[in-house]
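Structure first, then comments.
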Amino acid sequence: MEQIKRMIAEGKVKEAISRLTELIEGGAVPLDECFYLRGNAYRKLGQTRLALNDYLEAIALNPDSPAATAYRMQIRILDFYNKDMYNQ
């Protein structure tokens with residue numbers, strides 16, 4: 001998992017997603033961490049919907065997962081709007 005975290009941090013996001021998908025399909029343990037990390041990778045690529053889906057999977061497996069915080073943060077970003085922009 002540490003290697004995958006490094007890959008994401010170094011920008012090797014697509015490679016990390018591929019590795020995580022293999023681990024998930026293989027029933028790797030802990031699956032919740034795999035879904036959380038893959039969600040982070042998707043978020044880094046700008047694929048918010050896929051990121052949110054993976055965060056929800058991680059939360060379903062482990063309600064105490066850091067994915068819960070990541071999910072809430074992404075929802076807040078999506079819900080954010082600037083009222084001043086409506087009058088321009």
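Tabulated data for the structure shown
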item	result
Subset of the stretch 58-75 [aromatic (Phe, Trp, Tyr) and exposed (fewer than 12 other Cβ atoms within 10 Å of the Cβ)]	none
Qualifying positions in the stretch 33-68 - more than 19 Å from Ala9 (Cα to Cα) and of a type outside the set (A, V, I, L, M)	Arg49, Asn53, Glu57, Asn62, Pro63, Asp64, Ser65
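Rule-based calculations on the coordinates, nothing more; no lab input. Not measured: the values here are computed from a predicted model. Counting neighbours? That spans all protein chains shown, and the Cβs are built from the backbone with ideal geometry, glycine included.
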